[in-house]
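The structure under discussion appears below in the form of structure tokens.
Read the figures in this text as sums done on the coordinates, not as results from a lab. Please read all numbers here as calculations on a predicted model, not as lab measurements. We place every Cβ from the backbone using ideal geometry, glycine too, and count neighbours over all the protein chains shown.
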Number of protein chains: 2
Amino acid sequence: MTAQMKLGAFLWATGHHIAAWRHPKAHVTAGIDIGHYIQLARTAEAAKFDMIFCEDAAGLREANVGIASQTSRSIGFEPISLLSALAVQTGRIGLVSTASTSYNEPYGLARTFLSLDHLSGGRAGWNLVTSASPIEAANFGSTGLKPHADRYERAREFAEVVTGLWHGKASGHDGQSFSVRDPLDLPRSPQGAPVMVQAGASDVGRDLAARTADVVFTAAQTFEEAKAFYDDLKGRMAAYGREPDDIKIMPGVSPVVAETEAEAREKHEELQVLIPDDVGVALLSSYLSISDLWRYPIDGPLPELPESEGMKSRQALVVEQSRRDGLSIRQLARHFAGARGHWRIVGTAAQVADELQARFEGGAADGFNVMPSYFPGELDAFATLVVPELQRRGLFRRDYEGRTLRDHLGLKRPV
Amino acid sequence: MTAQMKLGAFLWATGHHIAAWRHPKAHVTAGIDIGHYIQLARTAEAAKFDMIFCEDAAGLREANVGIASQTSRSIGFEPISLLSALAVQTGRIGLVSTASTSYNEPYGLARTFLSLDHLSGGRAGWNLVTSASPIEAANFGSTGLKPHADRYERAREFAEVVTGLWHGKASGHDGQSFSVRDPLDLPRSPQGAPVMVQAGASDVGRDLAARTADVVFTAAQTFEEAKAFYDDLKGRMAAYGREPDDIKIMPGVSPVVAETEAEAREKHEELQVLIPDDVGVALLSSYLSISDLWRYPIDGPLPELPESEGMKSRQALVVEQSRRDGLSIRQLARHFAGARGHWRIVGTAAQVADELQARFEGGAADGFNVMPSYFPGELDAFATLVVPELQRRGLFRRDYEGRTLRDHLGLKRPV
């Protein structure tokens, strides 16, 4: 059998496109409509996706409340409660939620995810983030964002405690940031342990992933970027005694697909024209962790940037693209605002499948985290057009073979 | 219409009786069987209970791992994930979970409960606890349990922040223990705000409840104890500008009910004889927050106790009963181990209804939190025998009239 691509369905309220809420078919209160999410989860499960993926940020998500209220990104379920509800409305699909190592305690987090894992019969995963946003910090008593290196040092110890608890470690942990005495009050996971997902792409983020991740979610615009990241991360694993296949690298992709290419382009343009310049620039500013981008001429180039303590890798990606393509602030803003820095493919099912296949077979990805521009429309389009095409090519399963998320992903069961 | 009694169904794995797991009909892995909980929730909803109630403790629940493994109390879902799953398997019943003010942050907790509230269409409640167990403290990096007064000071500020966030407070909080800048990333609750439940019964616990609680869960053996607590708590409310009816006081009750009294007594004895003495004494020790009770003759009286930083009110209740009834350590242990310090009624539906009615109409309770000795047996018995008897007497609803937990409880909607 040909190697099988892994697919995640990254759910996010109205949709991943920044202007999704302005789409004529938008469901503006989707973020708090459990019926909407149940429908999306069932669509993804019927299409045999490996997993549903949810992001999380405990605060107002965009750069400020004004922007948030302009994007309707500001409302949505807390993801653990959401995925627990979806666990009993689905039977096979994996359920992955983001949670922060900066604003949780490892005993509580390990317990909650293991509980979700038992609830779902072994389908849970945790996407570890260190929370790069100063907005969240301000809601957790912090006077500012902690330095990148400190966040990752805490994350490394946090992950060690959590996996120790999941693996049934009997003795206590007494470390730099945490001390935990007891084992968890739950038996071992039906899949051995919940799946560990990570998305940090900085040097220290990659090392943490190489050491502990089962799945890595990442952003890459070009094949070369994706391939370089893939080779670098897989290359780091041997130092931790791991095989390259022990991590599945799944870059984000935001496909806009239709029966014809012209129709797909039209669907895409329909959303692009709905992005207000000030929202685009504000969102770009937040990715760059700078506050005064609006001071620069919108049709001029990106200014030189100060060193950031935010998302280092995201910042580098934006700067790289701005130089490569000679884009103005307005063009960059519109480009990044749409798919939020992720790879976008606009075309027919065959064209989208070609692109995915090229990265998959070219050794730049083990699968993809699919980020539909708006829900349910683009998820439906991917499920009904692209998935059958991938199945025809022998690149994606026609049915689930196992019962757990580890089974779907082809990951070893921890001993 | 006669005043209506409020009823909670306190769910707990195999059952509330300490020896429930040894019962011949016990479902020993009930704590991680979501099908079991769905069945219990539907039974309670069909019987028109106001709410399901879940306790929580982030650690091994009994005095030590040895005891825990002897009681099968050591395993169970984390309650937020559990109730989120139950939210989409039920339609009307309230969903109340315990969560600690000592091991959470107010922004995260407020957000999670409001998310559950939206998931369930306005049926969520939070049972605030300060976590009196040193076992939990040891899993959250603490070198010991914080003093009672400090825990309650943190809890008071925690509750203030959480209710502020639920009530849509726009400006930030900057206090002693917490600083929180943003509003929540969720709109107002379908019921105005989740219901606030409390169970602290010490002086400072009562004041916190009088100030902020919508529901109070409590333990009282006798009518006099229940009445004294009820009058005291309602009497404290005026100082905070509240009406007595703004809090529903719901003591715990563990009924053992059957068609005949003899049959009920037999069912009860069947469980009582299954309590091993060492487990009973260890559990009694943990209620009394002392470690060396086993040194004293088991058939002798309770020794003088040192001042405790644990559950002050529970300790006083045990000491009071030991003196009143002249009970030995063995007798006390067996008495308290069975219903864990709560009121027990053994008899026919009419006898149980008589007792509940007397406390309800005597001004000692607004309703009861029902703690079945084992599941599903005793919940089924209460639902099929006692509930219809209460309905015949006009003391309990025959159907839900509203849609939210506040509707069921007859609580004002916060403005």
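Before moving on, here are some points about what is shown:
- Dipole of the protein assembly as shown [Lys/Arg +1, Asp/Glu -1 at C-beta], most positive-end residue of A:313, B:388, A:116: B:388
- Between this copy and the others, label points of residue B:203 are 6.0 nm apart in ascending order, each placed 7 angstrom from Cα in the Cβ direction.
- Unit charges at the beta carbon, dipole of segment B:184-241: most positive-side option, B:198, B:226, B:240: B:240
- With the simple model of a label 7 Å out from the Cα in the direction of the Cβ, residue B:239 to residue B:149 spans 1.5 nm.
- Theoretical ellipticity at 222 nm over chain A - DSSP helices of four or more residues, -39500 (n - 2.57) apiece, nearest 500: -12000 deg cm²/dmol
- Neighbour cut-off at most 15 other Cβ (10 Å), DSSP loop, GluC sites (Glu not before Pro), segment B:350-415: B:401
- When residue A:323 is represented by a point 7 angstrom out along its Cα-to-C-beta vector, the spacings to that point in the other copies are 8.0 nm, nearest first.
- Each residue in B:222, A:260, A:98 was given a count of other beta-carbon atoms within 10 angstrom of its own, and listing them fewest first yields A:260, B:222, A:98.
- Rounded to the nearest 20 debye, the dipole size of segment B:277-384 about its Cα centre is 120 debye, using +1 on the Cβ of Lys and Arg and -1 on the Cβ of Asp and Glu.
- Sorted by Cβ neighbour density within 10 Å, fewest at the top, the residues B:52, A:290, B:329, B:345: A:290, B:345, B:329, B:52
- Rotational relation A to B, axis-closest Cβ in chain A, residue and distance rounded to whole Å: A:84, 2
- Take the Cβ atoms of residue A:325 and residue A:391, set R0 to 25 Å, and the FRET efficiency comes out at 0.10.
- Per DSSP, loop trypsin sites (Lys or Arg not before Pro) in segment A:300-361 with at most 10 further Cβ within 10 Å: none
- Net charge dipole size for segment A:270-336 [Lys, Arg +1 and Asp, Glu -1 on Cβ; Debye, nearest 20]: 140 debye
- All aspartates and glutamates inside 17 Å of residue A:267 as judged from Cα atoms, apart from same-chain residues fewer than 8 positions distant: A:259, A:378, A:380
- Given their separation in residues at 0.36 nm each and the Cα-Cα distance between them, residue B:399 and residue B:295 gain 32.1 nm when the chain is fully extended.
- With a Förster radius of 60 Å applied to the C-beta separation of residue A:266 and residue B:222, the computed FRET efficiency comes to 0.20.
- Relative contact order (%) - segment A:174-332, alpha-carbon pairs under 8 angstrom, separation at least six: 16 percent
- Extension gain for residue B:307-residue B:3 works out to 105.3 nm (0.36 nm per residue, less the C-alpha to C-alpha distance).
- Efficiency of FRET between residue B:384 and residue B:273 - r from beta-carbon atoms, R0 25 angstrom, step 0.05: 0.45
- Reachable lysines from residue B:234, criterion Cα separation under 22 angstrom, eight or more residues apart if same chain: B:6, B:248, B:312, B:412
- Applying both filters, DSSP loop and at most 16 other Cβ atoms within 10 Å, to the trypsin sites (Lys or Arg not before Pro) of segment B:8-58 gives B:25.
- Count Lys and Arg as plus one, Asp and Glu as minus one, and take only other residues whose Cβ is under 9 Å from that of residue A:207; the net charge is then +3.
- Sorting A:373, A:102 from the fewest to the most surrounding beta carbons within 10 angstrom yields A:102, A:373.
- A point 7 Å from Cα along Cα→Cβ stands in for residue A:149, and the other copies hold the same point at 4.3 nm, listed in rising order.
- Cα-based Rg of the protein assembly as shown normalised by 2.2 N^0.38 Å, two decimals: 0.99
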